[in-house]
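**Q** Here's a structure for you.
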Amino acid sequence: MGDAEYLLSIETSCDETSAAIVRRDRHVLSNIVATQFELHERFGGVVPEIASRAHLERILPVIDEAVRQAGISLTGVGVVAVATHPGLVGSLLVGLTAAKSLSLALDVPLVTVNHVAAHLYACRMAAGADIFPAIGFVVSGGHTHLFDCRSAVEMDLLGCTIDDAAGEAFDKVAQILGLEYPGGPQIERLARDGNSAAFSFARTFLHEPALRFSFSGLKTAVLYAARGTPGSRTPVPELTTSRIQDLAASFQAAAIDVLIGKCEQALKQTGRRTLCVGGGVAANGAFRSALEEMVSRLGVRLVLAPREFCTDNAAMMALGWEYYERGLLAAFDTDVIPGLMRS
Amino acid sequence: MTSAGLTCKLVSESATRSLGLALAKAVQPGDVLALIGDLGAGKTRLTQSLALGLGVPSDTVTSPTFTLIHEYQNGRLPLRHCDAYRLQSAEEFADLGLDELFAEDGVAIIEWADRVSGYLPRDRLELRLSVMDETTRQVEMTGTGPRGQQLVATLAERRPW
């Protein structure tokens, strides 16, 4: 199928506007991520209907910059890939409209990609060759989702969180401990000098076979340990640096125990021999070490997303090549599939 | 009959659940519910109970803190669940087009609504949750317009939930 050399990918599913150029051999030539808001005041308080103003302002400069940094010309683009699911309606629409327009103007195929699946494809890019079938684990601020991936483009959800995502728990605990946003990296840093056994936080669902997660209770337990149980007269010790370090270490240990335990269960239940892990929490060093330890015990292969492709980016949308190569092209009446998180 | 405010104690998680189920019976398309309360006050829990009452399995209703909006189309009414916690400014609410939340066919529920109050429809039901002790929450409900007040009155009339 086709002889395209360069793929332009566009990712606008949430609050970041991102574009990348990826060569057919999955080599990333450029990856631009814009998160800053610069043009606020120009628009006053008027809200355009169902369209994300932030993405509208950034999308063309971001695409331009991706093409420029890749050192190609726009006419060199042979296929356009865009994330259409899941995300915010207005945000996704801006990306999809830009992608459709470029696909028409350049007369090249359009492919649509699932944002969550793209997080796992970051692992395939690190491996440099096909890694599927595999258990795929996306652990981020928005997702804690385990998939059985038959191929890069076919996956079944095995289980996910029933309340907060793991990355969200890291950030909220960081806020409880008075750390700056984003809190995940701060927790990891403080935990290194803390005692992970200082507080015994619950490992929710760890010892039941269902592949599901819950981090809301853990977050509340840290809150009460840090600030005291509401209504209780027992005085709470001052939140000293060493207490913060102990809370961070104990929280991180509890969260990681559950994440690792569920991966192990998923591998055993499905018999898959490869585990790939992506999403922002996959950048956490303690989590990466615990994963390494678990897979070596099970004799299973681990493929981690490179740290630079753990958070939202368009490079992981190289997944679009898999659709292109299978001839799975999108029609021009393709629409976005917003907010429904579990499909 | 309309009423401006109603304050009650939720003595357990099952009381929070009852409130969510009562809300689910009372809401109509276009209604906006604004949740205000600190971390751990039970905002997501209340939303899960509302969802359950609308026919959406509550364990499928997860926190939209990072993803910003989750939409559930499988209940009696479409439910759109938003969280303003992570926004760095109220303007971001408009910049990201989050007002998609207020589509007329469904019910919108917003956590940390006080952070974006200037961008919310004027007529809404505000639910202010506070933690009394480990299991008890207090909820203060205020209608900020005719429809919000009607919801408060309906909930008051139908007590105990």
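**Q** Out of the residues in region B:44-61 that are of a type in the set (A, V, I, L, M, F, W, C) and either touching a Lys or Arg at 6+ places or on another chain (Cβ under 7 Å) or closer than 16 Å to B:Gln73 by Cβ (or both), which is surrounded by the most Cβ atoms within 10 Å (Cβ to Cβ)? Write out each step before concluding.
**A** First, pick out the residues of region B:44-61 that are of a type in the set (A, V, I, L, M, F, W, C): B:46, B:50-52, B:54, B:56, B:61.
Okay, now just the ones that are also either touching a Lys or Arg at 6+ places or on another chain (Cβ under 7 Å) or closer than 16 Å to B:Gln73 by Cβ (or both), so B:50-52, B:54, B:56, B:61.
On the way: B:Leu50: 27, B:Ala51: 25, B:Leu52: 19, B:Leu54: 23, B:Val56: 22, B:Val61: 24.
So, considering only residues that are of a type in the set (A, V, I, L, M, F, W, C) and either touching a Lys or Arg at 6+ places or on another chain (Cβ under 7 Å) or closer than 16 Å to B:Gln73 by Cβ (or both), the one surrounded by the most Cβ atoms within 10 Å (Cβ to Cβ) is B:Leu50.
**Q** Identify, from the list A:Leu319, A:Leu329, A:Leu291, A:Leu275, the residue that is on the phi < 0 side of the Ramachandran plot and touching a Phe, Trp or Tyr at 6+ places or on another chain (Cβ under 6 Å).
**A** Just one listed residue meets the conditions, A:Leu319.
**Q** Something else now. Check off (1) free of Cβ contacts under 8 Å to residues at least 40 places away in the same chain; (2) of a type outside the set (Val, Ile, Thr); (3) within 14 Å of chain B (Cβ to nearest Cβ); (4) closer than 30 Å to A:Val62 by Cα for A:Arg307 and give me the number that stays unchecked.
**A** Unmet for A:Arg307, out of (1) free of Cβ contacts under 8 Å to residues at least 40 places away in the same chain; (2) of a type outside the set (Val, Ile, Thr); (3) within 14 Å of chain B (Cβ to nearest Cβ); (4) closer than 30 Å to A:Val62 by Cα: (3).
**Q** Hey, among the residues in region B:87-107 that are of a type in the set (D, E, K, R) and more than 8 Å from chain A (Cβ to nearest Cβ), which one's surrounded by the most Cβ atoms within 10 Å (Cβ to Cβ)?
**A** B:Asp105
**Q** Please give the number of the condition A:Val281 fails out of (1) more than 14 Å from chain B (Cβ to nearest Cβ); (2) in contact with a Gly (Cβ under 9 Å, 6 or more places away or on another chain); (3) assigned to a helix (DSSP H, G or I).
**A** For A:Val281, the exception is condition (1).
**Q** How many residues are crowded, with 21+ Cβ neighbours inside 10 Å, within 7 Å of another protein chain (Cβ to nearest Cβ) and more than 15 Å from A:Ile162 (Cβ to Cβ) when one looks only at region A:215-235?
**A** 1
**Q** Let me ask another. Would it be correct to say that A:Ala174 is over 28 Å from A:Tyr121 (Cα atoms) and more than 11 Å from chain B (Cβ to nearest Cβ)?
**A** On the way: over 28 Å from A:Tyr121 (Cα atoms): yes; more than 11 Å from chain B (Cβ to nearest Cβ): yes.
It is true that A:Ala174 is over 28 Å from A:Tyr121 (Cα atoms) and more than 11 Å from chain B (Cβ to nearest Cβ).
**Q** Next question, about the same structure. Hey, any hits in region A:310-332 for a residue that's touching an Asp or Glu at 6+ places or on another chain (Cβ under 9 Å), modelled with pLDDT of 95 or more and surrounded by fewer than 21 Cβ atoms within 10 Å (Cβ to Cβ)?
**A** Yes, region A:310-332 has at least one match.
**Q** Considering region B:67-85 alone, what residues qualify as being buried (at least 21 other Cβ atoms within 10 Å of the Cβ) and within 11 Å of chain A (Cβ to nearest Cβ)? Full working, then the answer.
**A** Here is the first cut: in region B:67-85, the residues buried (at least 21 other Cβ atoms within 10 Å of the Cβ) are B:67-72, B:79-84.
Selection gives B:Thr67, B:Leu68, B:Ile69, B:His70, B:Glu71, B:Tyr72, B:Leu79, B:Arg80, B:His81, B:Cys82, B:Asp83.
**Q** Is it fair to say A:Ser101 is surrounded by fewer than 23 Cβ atoms within 10 Å (Cβ to Cβ), not hydrophobic (A, V, I, L, M, F, W, C) and not in a strand (DSSP E or B)?
**A** Taking the combined requirement at face value, the residue satisfies it.
The values are calculated or read from the model by the stated rules, or taken from the named source; none is laboratory data. Note that the coordinates shown come from a computational prediction; the quantities given were computed from them, not determined experimentally. When we count neighbours, we look across all protein chains shown, and the Cβ atoms used for this are built from the backbone with ideal geometry, even at glycine.
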